[in-house]
Each structure stands twice: as structure tokens, then as C-alpha cells.
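Comments concern the structure below.
The values are calculated or read from the model by the stated rules, or taken from the named source; none is laboratory data. All values derive from a computational prediction rather than experimental measurement. Neighbour counts run over all protein chains shown; Cβ positions are idealised from the backbone, glycine included. Note: areas computed on protein heavy atoms with side chains; ligands, DNA, RNA excluded. Shrake-Rupley method; radii C 1.70, N 1.55, O 1.52, S 1.80 Å.
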Amino acid sequence: MAVVLLTTALVIVVALLAAAGAGKLARIDGATYPAALTRAATAFAAVMTLAASVTAALAALAALLT
């Protein structure tokens with residue numbers, strides 16, 4: 001149980017870091033604050049979607065191997 005919580009927290013931290021980086025890069029590129037926030041939200045959602053996809057693939061693989 002602790003490993004699941006730690007992994008979830010790590011994925012959320014990585015997603016937040018990716019979102020902050022995307023937002024900062026958007027602002028450096030000259031985007032307005034709403035546009036930068038949209039890009040940050042898109043990056044956060046993409047990282048979370050990727051993590052969910054990897055988790056589903058690993059769960060399916062684990063089910064096949066048992």
C-alpha cells in the first residue's frame with residue numbers, strides 16, 4: 001500500500017514539474033498568462049494520461065503472466 005501511495009505522489013510531482021516547465025517556457029515565448037496556463041494544464045493532463053496508460057499496460061501484462 002505504501003508503494004502505491006509513494007508512486008502516486010511521485011507521478012503527481014513529475015506532472016506538476018512538467019506543467020510548471022511548460023508554463024514557464026510559454027511565458028518566455030511571449031504567451032499571455034491564460035495561454036501559458038492552458039499549456040501548463042495540457043502538459044499536466046498529458047503526463048497523467050501517459051502514467052495511466054502505462055499503468056493499464058503493466059496491469060494487463062501482469063494479468064497475463066499470472
Tilt relative to the chain, helix 33-65 - C-alpha long axis, 0 to 90 degrees, to 10: 10 degrees
Crossing angle, helix 2-28 versus the chain [Cα axis fit, 0-90 degrees, rounded to tens]: 20 degrees
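For every other residue with a beta carbon closer than 13 angstrom to the beta carbon of A20, add +1 if it is Lys or Arg and -1 if Asp or Glu, then tell me the sum. Walk me through the numbers before you get to the answer.
Numbers: positive: K24, R27, R39; negative: none.
Net charge in that neighbourhood comes out at +3.
Could you work out the relative contact order of the chain, using alpha carbon pairs under 8 angstrom and six or more residues apart, expressed as a whole percent? Don't jump to the answer; show the numbers that get you there.
Values: 36 pairs, mean separation 22.0, N = 66.
Taking the mean separation of contacting Cα pairs over the length of the chain, I get 33 percent.
Based solely on its DSSP helices, what 222 nm [θ] is calculated for the chain when runs of n ≥ 4 H residues each add -39,500 (n - 2.57) and the sum is averaged over all residues, nearest 500 deg cm²/dmol? Kindly include the intermediate steps, with their values, before the conclusion.
Working: 2 runs with 60 residues, N = 66.
Value at 222 nm, helices only, nearest 500: -33000 deg cm²/dmol.
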Area of V14 that stays accessible when all protein chains are in place (1.4 Å probe, Å², to 10): 80 Å²
